[in-house]
1. Six or more apart or on different chains, Cβ atoms under 7 Å: show the pairs whose first residue is in region 108-123 and free of Cβ contacts under 8 Å to residues at least 24 places away in the same chain and whose second is buried (at least 22 other Cβ atoms within 10 Å of the Cβ) and not in a loop (DSSP other than H, G, I, E, B).
2. Would you point out which residue out of Thr173, Thr165 is part of a strand (DSSP E or B) and either out of contact with any Gly (no Cβ under 7 Å at 6 or more places or on another chain) or surrounded by 16 or more Cβ atoms within 10 Å (Cβ to Cβ) (or both)?
3. For Ala226, all conditions in the list (1) part of a loop (DSSP other than H, G, I, E, B); (2) over 21 Å from the mean Cα position of the chain (by Cα) hold save one; what is the number of the exception?
4. What residue, among those in region 69-104 that are in a strand (DSSP E or B) and among the aliphatic types (A, V, I, L, M), is nearest to Ala180 (Cα to Cα)?
5. Out of Ala26, Ala12, report the one residue that is part of a loop (DSSP other than H, G, I, E, B) and either in contact with a His (Cβ under 8 Å, 6 or more places away or on another chain) or in contact (Cβ under 8 Å) with a residue 40 or more places away in the chain (or both).
6. Taking His128 and the conditions (1) touching a residue at least 40 places away in the same chain (Cβ under 8 Å); (2) in a loop (DSSP other than H, G, I, E, B); (3) in contact with a strand residue (DSSP E or B) (Cβ under 8 Å, 6 or more places away or on another chain), which numbered condition does it fall short on, given that it satisfies the others?
7. Among the residues of region 182-223 satisfying the criterion of being within 20 Å of the chain's Cα centre (by Cα) and among the β-branched types (Val, Ile, Thr), which is surrounded by the fewest Cβ atoms within 10 Å (Cβ to Cβ)?
Amino acid sequence: MLVLDENLAIQAERHTFELAFSTLHAGVIEYVPGVSHIVIDPTTRRVSYVDPVGGTQVVPARVVNPIVPHRANGSVAGGWLARAGLNNSADGRWANVDVLSYESTAPGALGIHVIGDAASCDMPKAGHVANQEAKICADAILRLLAGGQPFARPVANSACYSPITATTASWLTAVYQYDATERKMKVASNGGQTLVNGMPAAATESSSIDGDNFENMSIWFRTLMADTSA
């Protein structure tokens, strides 16, 4: 399996997946970052791309699974989100929101709140994050309905498990807190600092790929689903 990535490196759980690709799945998965100009020819069943050093490569393929740049549902021209004027990010793909309340920042959108993948909020687009956004949003709406203001220092958690084999997994977690200066949610360290030695705080990644993580993954998932549906 050949994985072509226009990113310069793996974007999440880098240590885990670099280890998995080079050991557990060595000879099965080849990961090539930093490529560009990927072209899929369904007639010849070939994929061409420009490699990291500028050379053009062409490979035959039986199955191709392209992942196009993501965007919010309905954000294309004529879509429901676009017709409502809520896809107000610079590229028109997402809904910009005030992360204190998840209220849309689009003109004329007072009282409209957007959570989940559609919201541009500087946090991962993941189910656990949507769960956290929903709680912050609901709390803010209740405060606004009571004549108050949203909580000024919201904190959210992002966690995920990644199965690496049929019996092992890894995990990644990060705590996000509101930065009043930039009006954004930013990763914070254990001490609540968004900068550590002058560098942005980073998510914490599992140090191992093992069966305990795989078992905990199922517990975490069931707990998250129960909380989300409560």
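1. Ile115/Glu133; Ile115/Cys137; Gly116/Glu133
2. Values: Thr165 fails: part of a strand (DSSP E or B).
Unique residue meeting the criteria: Thr173.
3. Looking at each condition in turn, Ala226 falls short on (1).
4. First, the residues of region 69-104 that are in a strand (DSSP E or B): 95-98, 103-104.
Still in the list and also among the aliphatic types (A, V, I, L, M): 95, 97.
Details: Ala95: 20, Val97: 15 Å.
My answer is Val97.
5. On the way: Ala26 fails: either in contact with a His (Cβ under 8 Å, 6 or more places away or on another chain) or in contact (Cβ under 8 Å) with a residue 40 or more places away in the chain (or both).
Going through Ala26, Ala12 in turn, just one is part of a loop (DSSP other than H, G, I, E, B) and either in contact with a His (Cβ under 8 Å, 6 or more places away or on another chain) or in contact (Cβ under 8 Å) with a residue 40 or more places away in the chain (or both): Ala12.
6. Unmet condition: (2).
7. Thr204
Only the coordinates and a few stated rules stand behind these numbers; no lab work does. It should be emphasised that the depicted structure is a prediction, and the values quoted were computed from it without experimental measurement. Glycine gets a Cβ as well: all are built from the backbone with ideal geometry, and neighbour counts include every protein chain shown.
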